[in-house]
Structures are given as C-alpha cells and as structure tokens.
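Below: one structure, written as structure tokens.
Rule-based calculations on the coordinates, nothing more; no lab input. Source: prediction; values computed, not measured. Note: ideal-geometry Cβ built from the backbone for every residue, glycine included; neighbour counts use all protein chains shown.
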Amino acid sequence: MTHRDRVAEALEAGWRFGALYATEGGVVRTLLVSPAGETRLETAPVESGALPSIVDLVPAAGWDEREAHDLYGVGFDDHEPLRPLVDHDLDLARWTVPIRGRDAYQVAVGPIHAGVIESGHFRFHVVGDKILHVDARLFYKHRGLEKAAEGSKLEAGIAFARRACGACSVANSAAYALACESALGLRVVPDLARARTILLELERVWSHLNDIAAACSGTGLAAGNNRFAELTERVRRLNATLTGHRFLFGTVQVGGSDAAFDDTAVRAARAELAHLREAAASGWRELTFNSSFQDRLPDIGIVAADDVHRLGTVGPAARAAGVAEDVRTHAYDDFEAVTPTRAVGAVPARVEQRALELWQSLEILERLLDRPVVPAAADRGGVEGEIGVGRLESPRGATSCIVERVGDRVARMHLRTGSYANWPSVVHAATDDLFPDFPLINKSFELCYACVDR
Amino acid sequence: MSRAEVASGVVQLVGGLVLAPLLPGLVQHWKARLQGRRGPTPLQPYRELRRLWGKSSVSVEGTTAVYRLAPAIVVASLIAAVALVPVAARAPGFGVGHDILALIGLLALARFAIAAASFDVANGFSLMGASRDLTLSVFVDATLVLAVAVAALVSGTTDLRGIVGATAGTHPWSSPALGLAAIAFALVVVAETGRQPIDSPDTHLELTMIHEGPLLEYAGRDLAYLHWASAMRHWLVLVLAAQVLVPHATSVWLQLGLLPVALTVLCGALALVETVNAKMRVLLVPRLLAVGSVVALLGIAARLVGMA
C-alpha cells in the first residue's frame with residue numbers, strides 16, 4: 001500500500017491530518033490524529049525527487065507540501081501548481097492565483113504594516129471594495145529554527161521551540177517536551193501535568209484577553225481595546241510574579257518541571273485571577289450591549305463547519321464553527337469543548353468563543369491552583385523510540401511537535417502550530433467580504449506570524 | 001464698519017485660520033481621556049504641522065500638475081470657505097459673500113481636487129479612499145443641502161449672516177423644523193470631520209481609510225497644508241452647528257462670546273460619540289446618511305406645513 005493510500009484509508013476511518021514534513025534522510029512523514037486523540041506517523045520514501053501529493057485528499061496539507069518542497073526540494077506529483085511558500089519568488093505570477101476579469105485589480109498590503117504587526121504580505125484581488133481572493137505571503141522572518149535545533153541535545157533543543165513565538169512559548173515548548181518525553185519513553189506524572197496545565201492555561205488566558213482587545217480595535221472601539229489590553233497586561237504581570245517572565249519563557253523543561261509556587265504565591269494568584277474574571281466579565285457585558293460593536297461583527301469572515309474539515313482549521317476558529325474538537329478533551333480530566341450559541345463560524349462567533357474559553361480556563365486555573373506547585377520529574381518506564389510526537393491545544397488551536405532523535409540529540413524537529421494550520425482559513429474567510437472588513441476578520445483569528453516563520 | 005463687524009471679522013479669520021487646529025486637538029485629547037489614556041495635549045496638531053512644515057515634499061514619479069496643485073486648491077477653497085462663513089449675525093464681507101450654497105460648492109471643489117489627485121497618483125489605497133469618499137459625498141452633500149435648506153427656509157435667505165440672525169433666540173425652536181435639521185447636520189459634522197462611526201481619524205489601517213487614504217502619498221508641506229485644511233473643515237462645520245443649528249444668542253456680542261463655549265462643548269460631544277461607537281460597516285454609512293436626509297426632509301415639511 002502506498003503512503004497516499006494509507007493516508008486515504010486513515011482519513012476514511014475518521015482520522016485527521018496533523019502535519020506533513022520532509023527530512024534530510026529523504027523521507028516524508030505525515031502525522032495523523034485519531035478521533036480519540038492518538039497520533040500515528042506514516043512514512044514515505046521520496047523516490048526520484050517526488051512522491052504523490054495528498055493535497056487532493058486533504059487540502060489542509062497544502063502549505064505543508066509547499067514548505068517541504070521549498071525547504072527540502074521534495075516534489076509532490078499532482079499538486080498543481082505547487083506554488084512557492086517559504087521561497088520568496090519575485091515573479092508574481094508564480095506565487096499568486098491569477099484573477100482575470102473586468103475591473104478586477106490588485107492591492108498589495110505589507111510586508112511592512114502601519115502598527116505593531118509582524119511582517120506579512122497580502123495581495124488582495126478586488127473589485128471595488130469586494131475581495132475576490134487573497135494571496136498571503138508569510139515567512140519574511142523565517143529563522144530556520146527547526147534546522148538550527150538539529151544536533152543539539154534533546155533538553156537544550158527546547159530553546160528553539162520556545163523561541164519560535166513569544167505569544168505561544170509555553171504551548172510550543174510543552175509540545176516539544178512531550179515529543180521528547182514520548183521518544184525517550186518518559187511518562188508524565190500528575191504533578192508534572194498539573195504544572196504544565198497551569199502554565200498553558202495562563203498563556204491561554206492572556207492570549208484570549210488580548211484577542212478580545214484585538215477584536216475591539218478591529219472595529220475602532222478604542223475604549224474596549226484599552227480595557228481588555230489592560231487585563232492582558234495584568235495577567236502578564238501575574239506571569240512575571242509567578243515565574244519571573246511575563247511571557248512565561250523558560251518555564252517548561254524536557255522530562256520534568258522546576259516550577260515551584262508556594263502557598264502564598266498560589267493564593268495570591270487565585271485572588272488576582274478572581275479579580276480578573278470579574279473585570280473581564282463586566283467588560284464583556286459592556287461589549288455585549290454595545291450595539292455599534294455588535295452591529296459591526298455579524299455575517300463576515302465565515303469559516304463554516306465544512307470549511308473547517310476541508311481546510312484543517314483548528315482551535316477557537318474551528319469550535320466557533322460548531323466543530324467541538326479540542327486536544328484538551330483527551331488530555332485534561334473532565335474537560336468538554338465549548339462552542340458558542342450561534343456557531344456559524346463568523347467573526348462574532350470567534351469573538352464569543354474567546355470569552356467562553358476564557359471563563360473555562362479561569363475555572364481550570366482556580367481548580368488547579370488549590371495547593372502549592374512543586375517541582376516534578378517524569379517517570380521512566382515507557383517505550384523508547386526514535387520518534388516522538390507531542391500534541392496539545394495552544395490558544396490558537398492544536399499544535400504538534402515531532403522530534404526525531406539519534407541517541408540524546410535532535411535529528412529532526414518539526415513544529416506545526418495552530419497558527420500555521422489556520423492561516424489558509426483566514427484567506428478563505430476574507431473571500432467575498434469587503435476590503436475594509438479584512439482587518440477585523442484577520443483580528444478575529446489573531447494568528448501569530450512568528451509561529452509560522454519559525 | 002461697526003465695531004461688532006470688525007470683532008466678528010477678527011474672530012472669523014483668527015479662529016478659522018489660526019485656532020482651527022485646536023479643534024481636532026481637543027477632540028483627540030478628550031477622546032484619549034475618555035478611553036483611559038493620557039493622550040496628547042490639545043496643541044498636538046500644531047506640533048504635527050511644525051514637524052511637517054520642516055520636511056521637504058515628495059514629488060511622486062509620473063504624476064502631473066493635478067497631483068501637485070491639489071493641496072493648494074484644497075487650502076485655497078478652505079480659506080475662501082473660512083472667509084465666507086461668518087461667526088455672528090454681523091460680519092464683514094471678504095469679497096466672497098456669505099452665501100451658503102457657495103460654501104457647499106467650495107467644499108465640493110476641495111473634495112474634487114483631492115480625488116483627482118488620487119487618480120493622478122494611482123496609489124491603490126488613495127484610489128480606494130477617494131472612491132469611498134466620493135460615494136459617501138453624494139449622501140453627505142444631499143444631507144448637508146437639505147439641512148441647510150431648512151435653515152434657509154426658516155430665515156428666508158441663503159445669506160449666512162441672515163441665517164445666523166434668524167435662527168437666534170428661542171423663537172425659531174418653537175417649530176420642530178430646526179431641530180430636525182440639527183439632527184441631520186450632526187451626521188454631516190461627523191462625516192465632514194471624518195470621525196467615527198463613519199471614518200476613523202486615527203486609523204493606521206490602510207484598508208479602512210476614507211479621508212486619510214487619498215493623503216497617503218503626500219509628505220512635508222503638502223501634507224501640512226492638507227492637515228491644516230482638515231482643521232479648517234472642523235472649524236467650518238462646527239461654527240455652522242454652533243451658530244445655526246443649536247440655540248444661540250441673539251446679540252452679536254453674545255454670539256461671539258459664547259462661540260468658544262459652544263465649540264468646546266461640540267468637540268466634547270464628538271469625542272464622546274467616537275468613544276462609545278465602533279466604526280460602522282462601510283456599506284451601511286450611506287444608509288445612515290440617507291436617514292439624515294429623510295430627517296432633514298421632514299424638517300422642510302414641518303417648515304412648509306408651519307408656513308401654510
């Protein structure tokens with residue numbers, strides 16, 4: 001059975017596409033995820049420089065195949081046209097989708113934007129104010145972190161995952177740690193899981209508060225933006241008090257956790273989070289009853305449930321379309337994914353989804369911060385392997401990290417973040433909407449560029 | 001020339017040409033306060049103008065005189081408009097008369113110059129801003145003409161001195177006509193000053209720009225002229241609002257004395273409206289302005305019924 005057939009069979013059986021990457025060793029691996037959250041890698045040797053594309057079976061693999069082509073020179077038969085993604089080809093016709101017709105024209109936005117935004121170039125094909133298509137070009141600050149991690153010790157390699165993105169440092173480093181632990185046959189003990197869950201949820205809390213602020217700024221509601229930005233800052237300060245770093249850098253290690261929050265720290269954190277919940281709830285109530293804000297949101301930027309399955313949308317964006325998939329369902333005790341009341345996958349649903357998940361995360365934190373957090377180490381005794389997979393729910397959706405090792409060194413590390421999975425959905429969401437609505441649609445996803453340009 | 005006329009003329013020129021940047025400055029200042037920020041001082045627009053004045057202009061390759069002359073045309077029309085709009089019922093003529101229809105023409109001329117420059121420079125964002133501005137201007141101008149028509153009907157003249165005089169005191173407010181016109185004119189103020197919910201004056205998002213879009217290619221003194229013109233536009237619509245469409249004093253001296261108070265209050269109102277409102281979806285703006293036109297039409301109807 002060929003690689004393509006095995007992927008097709010797994011998809012048929014309800015498995016989901018998780019990631020696809022190439023290695024120096026001349027193989028392409030596809031990560032598949034079962035409905036119960038199990039992961040499996042399908043490996044295919046690259047013969048005479050190419051292998052059959054799977055993009056027709058699973059369009060979500062589109063960016064992965066383009067990246068593997070640009071960085072590892074792997075061809076994908078029948079992926080036509082295989083447009084460059086990481087490789088910034090100067091020829092416009094090579095990387096953009098041709099749009100022809102009366103009065104259609106292109107507007108180039110970025111890569112340098114007005115405001116504190118990372119580098120990304122968007123080429124809008126529009127008629128009047130209506131968007132026909134968007135070509136997004138990211139990877140302006142591609143740092144080759146995956147390549148740089150190769151050859152470093154497994155414990156030290158976490159620095160590369162952590163530095164992929166400031167906003168998702170815990171998610172990325174925890175995914176890396178899980179991957180290493182699974183390769184090393186280490187088992188995560190409850191104390192370790194608890195420490196990491198607290199860090200992950202703290203990250204989610206500030207991230208979601210920030211996303212609500214961003215939605216306000218996308219509508220020009222500066223007062224709402226400032227209010228939620230202030231709350232975001234309060235969580236970052238809480239992070240600093242607890243761990244010494246506002247963005248929780250360096251808090252996750254491979255094979256253990258040295259996070260130690262004593263009784264006073266835990267109690268203070270709980271009190272601060274309770275205040276935050278009250279403030280956030282009152283801010284959210286005001287947004288709910290601000291008719292100009294609510295009138296601005298509906299019916300734009302739609303990524304419906306069908307699109308979610310096709311494009312491989314993950315995280316809040318997928319749940320806002322009513323697809324209640326969350327890696328935490330398999331990882332946490334008593335966790336149920338939430339979806340908004342009108343889960344139509346439009347901008348208001350994604351904004352509401354952040355609020356719903358915020359309450360959920362605050363509840364989880366309240367439950368977990370009931371006693372001091374102590375350093376913990378993973379148990380030996382699992383099955384050792386050459387390759388390990390770590391998968392968890394980042395604030396922007398499922399993030400997978402795959403670590404291949406030779407002894408105690410990294411042979412290949414691949415990080416596929418929620419942002420990476422969702423960028424094609426942003427492009428899809430903007431299609432057919434109005435050009436001036438794009439900032440708001442984009443902010444309703446609020447994806448990282450750095451998580452992609454790793 | 002009477003002393004009142006001299007005083008009025010001085011207020012008109014000093015206010016409209018020199019003090020006008022204070023108006024957007026005040027709105028910015030209060031808006032920041034209302035949004036929980038410290039914000040710049042009301043003098044910030046002057047600093048911006050000084051900074052821009054010290055910089056050289058950029059001439060864009062491939063553009064023609066249309067692009068280069070636009071800032072001059074805009075500023076010239078706005079200066080003429082400032083000379084045209086009196087701040088009280090008595091004012092000296094500066095050779096441009098006081099006819100309100102001429103004011104509408106001057107504002108349209110400025111808009112045309114900037115839109116033509118956008119087509120000349122052919123920057124995507126400029127064109128988009130200009131096309132949105134021209135689309136909206138159909139509705140803004142209609143609302144403006146109708147609101148002004150109410151005031152003209154109430155006063156029986158299109159001479160602004162006469163209108164300011166005739167709408168003074170409490171008597172004109174006994175009929176709903178002027179009140180309805182004021183509602184319509186409020187929308188014109190928001191649109192002409194480029195403020196939320198219609199446009200976002202502080203936006204740095206090129207995609208949503210209306211008034212800022214066409215200015216993107218301008219720099220240095222050209223941009224300073226255009227910012228100054230925008231401040232004068234604030235002055236014009238707010239003076240009209242204060243001296244025609246809100247209750248004001250009958251005595252010329254009181255009209256002059258209370259003008260700063262009225263302008264300050266109106267700036268505060270603009271800041272408040274900007275703070276509590278999100279920016280509107282761009283295609284809904286014509287609908288909002290159409291509502292303004294209908295309200296102004298009701299004002300005209302109320303006036304005609306009242307006369308019959």
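Show me B:292-299, A:293-300, B:1-8 ranked by packing, highest mean number of other Cβ atoms within 10 Å first.
Numbers: B:292-299: 22.0, A:293-300: 18.5, B:1-8: 15.0.
Peptide ranking by packing, descending: B:292-299, A:293-300, B:1-8.
As a test, work out the antiparallel percent of DSSP beta bridges whose residues both lie in segment A:3-77, rounded to the nearest 5. Mind dumping the intermediate values first?
Details: 14 of 17 bridges.
DSSP beta bridges in segment A:3-77 are roughly 80 percent antiparallel.
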(message) Need one value for A:436-442: mean number of C-beta atoms belonging to other chains within 10 Å of its residues' C-beta atoms.
(response) 5
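Please sort by residue number the chymotrypsin sites (Phe, Trp or Tyr not before Pro) in segment A:158-237 whose DSSP state is loop and whose Cβ has at most 14 other Cβ atoms within 10 Å.
Working: sites: A:Phe160, A:Tyr176, A:Trp206, A:Phe228; in loops: none.
Qualifying residues, ordered by number: none.
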(request) Relative to the longest principal axis of the C-alpha atoms of chain B, give the angle of the C-alpha long axis of helix B:252-276, reported between 0 and 90° and rounded to the nearest 10°. (result) 50
(message) Using the Cα centre of segment A:1-61 as origin and beta-carbon charges of +1 (Lys, Arg) and -1 (Asp, Glu), tell me which of A:His3, A:Gly49, A:Pro35 is placed farthest towards the positive end of the dipole.
(response) A:Pro35
(request) Per DSSP H run of at least 4 residues, take -39500 (n - 2.57); add these up for the protein assembly as shown, divide by its residues and hand me the 222 nm value, nearest 500 deg cm²/dmol. (result) -17000 deg cm²/dmol
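How far, in nm, would the chain grow between A:Ser34 and A:Arg237 when pulled straight, counting 0.36 nm per residue and subtracting the alpha carbon separation? Spell out each step's value before the answer.
Numbers: separation 203, 0.36 × 203 = 73.08 nm, distance 3.81 nm.
In short, 69.3 nm is gained.
Which whole number gives the average count of other chain Cβ atoms within 10 Å of the Cβ atoms across peptide B:270-280? Walk me through the intermediate numbers first.
Values: counts 0, 0, 0, 1, 4, 4, 6, 10, 19, 9, 5.
The mean count of partner-chain Cβ atoms within 10 Å per residue comes to 5.
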(request) Indicate the gyration tensor shape class of segment A:3-77 (rounded, prolate or oblate), computed on the Cα atoms with a ≥ b ≥ c the square roots of the eigenvalues: a/c under 1.5 is rounded; otherwise a/b larger than b/c is prolate and the rest oblate. (result) prolate
(request) Enter the mean number of other protein chain beta carbons within 10 Å of the beta carbon of each residue in A:215-225, as an integer. (result) 6
(message) Less than 17 Å from a label point 7 Å out along the Cα-to-Cβ axis of A:Leu41: which backbone N atoms in segment A:139-180 qualify, by residue?
(response) A:146-155, A:157-158, A:161, A:175-180
(request) Find which of A:Ile364, A:Ala195, B:Gly9 sits farthest along the positive direction of the dipole of the protein assembly as shown, computed with +1 on the beta-carbon of Lys and Arg, -1 on that of Asp and Glu, about the Cα centre. (result) B:Gly9
(request) Please give the contour-minus-distance gain from A:Glu336 to A:Asp91: 0.36 nm per residue of separation, less the Cα-Cα distance, rounded to one decimal in nm. (result) 83.5 nm
(message) Straight-line reach from B:Lys55: which aspartates and glutamates fall under 18 Å, measuring Cα to Cα and dropping same-chain residues less than 8 apart?
(response) B:Glu217, B:Asp222
(request) Distance between Cα centroids, segment A:247-293 to segment A:87-107: provide it in whole Å. (result) 44
(request) Round to the nearest 0.05 the FRET efficiency obtained for A:Ala159 and A:Ala279 when R0 = 25 Å and r is the Cβ-Cβ distance. (result) 0.10
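Within the set of other residues whose C-beta is less than 13 Å from the C-beta of A:Glu118, count the net charge using Lys and Arg as +1 and Asp and Glu as -1.
Numbers: positive: A:Arg137, A:Lys141, A:Arg143, A:Arg454; negative: A:Glu446, A:Asp453.
Combined, the nearby Lys, Arg, Asp and Glu give +2.
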(request) Report the label-to-label distance for A:Asp263 and A:Thr2 in nanometres (one decimal), using points 7 Å from each Cα along the Cα→Cβ vector. (result) 6.6
(request) Please get the size of the charge dipole for the protein assembly as shown, origin at its Cα centre, with Cβ charges of +1 on Lys and Arg and -1 on Asp and Glu, quoted in debye to the nearest 20. (result) 2620
(request) Under 25 Å Cα to Cα from A:Lys130, which lysines show up? Leave out anything in the same chain fewer than 8 places away. (result) A:Lys443, B:Lys279
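Tell me whether segment A:92-137 comes out rounded, prolate or oblate; compute the Cα gyration tensor, take square roots of the eigenvalues as a ≥ b ≥ c, and use a/c under 1.5 as the rounded threshold. Present the calculation step by step, with values, prior to reporting the outcome.
On the way: a/c = 3.22, a/b = 1.64, b/c = 1.96.
Here segment A:92-137 falls in the oblate category.
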(request) Report the net charge of residues surrounding B:Gly9, where surrounding means a beta-carbon distance below 14 angstrom and charges are Lys +1, Arg +1, Asp -1, Glu -1. (result) +2
(request) State to the nearest 20 debye the size of the charge dipole of chain A about its Cα centre, where the only charges are +1 on K and R beta carbons and -1 on D and E beta carbons. (result) 980
(request) State the answer as a single residue: which of B:Gly93, B:Val276, B:Ala191 lies farthest towards the positive end of the charge dipole of segment B:3-307, with beta carbon charges of +1 for Lys and Arg and -1 for Asp and Glu, about the Cα centre. (result) B:Val276
(request) Measure off 7 Å from each Cα along the Cα-to-Cβ vector at B:Val10 and A:Val116, then give the distance between these two points in nanometres to one decimal. (result) 4.8
(message) Charges at C-beta only: +1 for Lys and Arg, -1 for Asp and Glu. How large is the resulting dipole of segment A:85-180 about its Cα centre, in Debye rounded to 20?
(response) 60
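So in the protein assembly as shown, what percent of DSSP beta bridges are antiparallel if you round to the nearest 5?
Details: 49 of 52 bridges.
That works out to approximately 95 percent antiparallel.
Take every Cα pair under 8 Å in chain B that's 6+ residues apart, average their separations, divide by the length, and report that relative contact order as a whole percent. The partial results should precede the final answer.
Working: 488 pairs, mean separation 89.2, N = 308.
Normalised by residue count, the contact order of chain B is 29 percent.
Which of rounded, prolate, oblate describes chain A, given a ≥ b ≥ c as roots of the alpha-carbon gyration tensor eigenvalues and a/c under 1.5 marking rounded, otherwise prolate only if a/b is larger than b/c? Don't skip to the end; give the middle numbers.
On the way: a/c = 1.74, a/b = 1.04, b/c = 1.67.
Oblate, because a/c is 1.5 or more while a/b does not exceed b/c.
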(request) Determine, for each peptide in A:385-392, A:76-83, the mean count of other beta carbons within 10 angstrom over its residues, then list the peptides with the highest first. (result) A:385-392, A:76-83
(message) I'd like the distance separating the alpha-carbon centroids of segment A:416-431 and segment A:114-183, in whole Å.
(response) 13
